[in-house]
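Beneath this line is the structure, given in structure tokens, with notes to follow.
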Amino acid sequence: MKVLVIGGGAREHALCRSLSQDPAVTELHCAPGNAGIAQVATVHPVDQLDGAQVAALAERLGAALVVVGPEAPLVAGVADAVRAAGIPVFGPSAAAAQLEGSKAFAKDVMAGAGVPTARSYVCTTAAEAAEALDAFGAPYVVKDDGLAAGKGVVVTSDRAAALAHAASCERVVIEEYLDGPEVSLFAITDGTTVVPLQPAQDFKRALDGDEGPNTGGMGAYSPLPWAPAGLVEEVLETVLQPTVDELRRRGTEFSGLLYAGLALTSRGTRVIEFNARFGDPETQVVLARLRTPLAAVLLAAATGTLDQLEPLRWDEGAAVTVVVASEGYPAAPRTGDPIEGLAEAEADGTAFVLHAGTKTGEEGQVLSAGGRVLSVTATGADLAEARGHAYAAVDRISLKGGQHRTDIALKAATA
Ligand code: AMP
């Protein structure tokens, strides 16, 4: 099977790494890719937001499956263009990707499906925003309605800051604050059948101790030893299946990866958000534990045959990923710096380095090219061992001004 992956971050590197280890995959391509992906796939310089270009590339390559990684191409209709060309694609239509592309749409779907989530108001004026903030009280949660690369949400007890964020967005969703630990649960779906993956937890804040600004994600781990037994079954029954059924009922069938960001609150499990694609960096740890070869799973979702898939097999151990970000991330990341120690980080075989924002320089050296630069991933018998391996690898890497959190999976590993 020839497979084409769209995207160029660590999530796509994780997807490409798993696909490259799948004996069913005879050729692996990625567009646009990055310096790390180029080591396991043939990369193509394509505008990933241009559906016609992506479909033309898939046809030229004779791809049997196209996997769309990031949200922006999905919302731009890239999966629709590939599907229209008659090629199986893993990823929802633009209409169904509105589940992530518009928080207001997601709230409406959840209301229709009876899925538990935070109470909320959609506001377009300062007066509406002020009224909604006061209805819920502090801490305030203000979300840009559109896509914002994980940076459109402000959670603060400062009413003025909450109002300022609302004023900087065209349309906002203001909602009640959800307490309790967060869980990311991914599910693969063909629009009817839903197959949940293993839960993971990510770390959204830039600094240790969950301080600093929200980011795209600074690390993740799986499994969650502290999670209540039966959590996955409960979420499948109360969140994932009803949402997929509701979208089908509305005529916006959703196939691909449905990501539920959940809060386990004192009043029960609530959806914080949906994403329409694999989450980054949780994908790095979830795929590190998946034993079932990936291509057939994604193809079954793309072709509506998930009900025939054998149950997924999982590594009983743990996986941890630590994101190395550039100086100034998330506000003003500095790029173009050489990265050293990549081979040394992988030398003892306990960790692997997934590239997020990298490019190959003129002399073949690897250079930083984005805010999140690397996602250093390791497995182990348990979280403590996986953490040890991941941080030992991080220590062997040097990037001028590079930053990472030192407490990824720490609480879960020592609990
Ligand atoms: P989102 O982009 O919706 O995932 O929000 C980013 C982060 O903001 C989440 O991972 C949470 O940590 C936080 N957050 C979002 N909504 C809420 C909420 N209603 N209550 C508490 N924290 C929230």
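Structure values in brief
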{"read-out": "Pair list, Cβ under 6 Å, 6 or more apart: the range 167-189 residue over 18 Å from Val235 (Cα atoms) and without any contact (Cβ under 8 Å) to a residue 40 or more places away in the chain, other residue open to solvent by less than 60 Å² (accessible area, probe 1.4 Å) and near the ligand (Cβ under 10 Å from one of its atoms)", "value": "Cys169/Asp144"}
{"read-out": "Identity of the residue in the range 11-49, within 21 Å of the chain's Cα centre (by Cα) and charged (D, E, K, R), that ends up surrounded by the fewest Cβ atoms within 10 Å (Cβ to Cβ)", "value": "Asp47"}
{"read-out": "Any chance Ala386 is buried (at least 23 other Cβ atoms within 10 Å of the Cβ), assigned to a helix (DSSP H, G or I), over 20 Å from the mean Cα position of the chain (by Cα) and not β-branched (Val, Ile, Thr)", "value": "yes"}
{"read-out": "Flag if Arg60 is without any contact (Cβ under 8 Å) to a residue 12 or more places away in the chain and touching a strand residue (DSSP E or B) at 6+ places or on another chain (Cβ under 8 Å)", "value": "no"}
{"read-out": "Long-range neighbours under 6 Å by Cβ, at least six apart or interchain, first residue touching a residue at least 24 places away in the same chain (Cβ under 8 Å) within the range 263-275, second part of a loop (DSSP other than H, G, I, E, B) and open to solvent by 30 Å² or more (accessible area, probe 1.4 Å)", "value": "Ala263/Gly180; Leu264/Gly180; Leu264/Pro181; Thr265/Asp179; Thr265/Gly180; Arg270/Pro116"}
{"read-out": "Meets criteria (touching a strand residue (DSSP E or B) at 6+ places or on another chain (Cβ under 6 Å), in a loop (DSSP other than H, G, I, E, B) and either among the hydrophobic types (A, V, I, L, M, F, W, C) or touching a residue at least 12 places away in the same chain (Cβ under 8 Å) (or both)) for Thr377", "value": "no"}
{"read-out": "Tally of residues being assigned to a helix (DSSP H, G or I) and either out of contact with any Lys or Arg (no Cβ under 9 Å at 6 or more places or on another chain) or not aliphatic (A, V, I, L, M) (or both) across the range 59-81", "value": "10"}
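The values are calculated or read from the model by the stated rules, or taken from the named source; none is laboratory data. Owing to the predicted nature of the structure, the values given are computational and were not obtained by experimental measurement. Here Cβ is always computed from backbone atoms with ideal geometry, including for glycine, and neighbour counts include all displayed protein chains. What goes into the accessible areas is simple: the full protein's heavy atoms, side chains included, and nothing from ligands, DNA or RNA. Shrake-Rupley method; radii C 1.70, N 1.55, O 1.52, S 1.80 Å.
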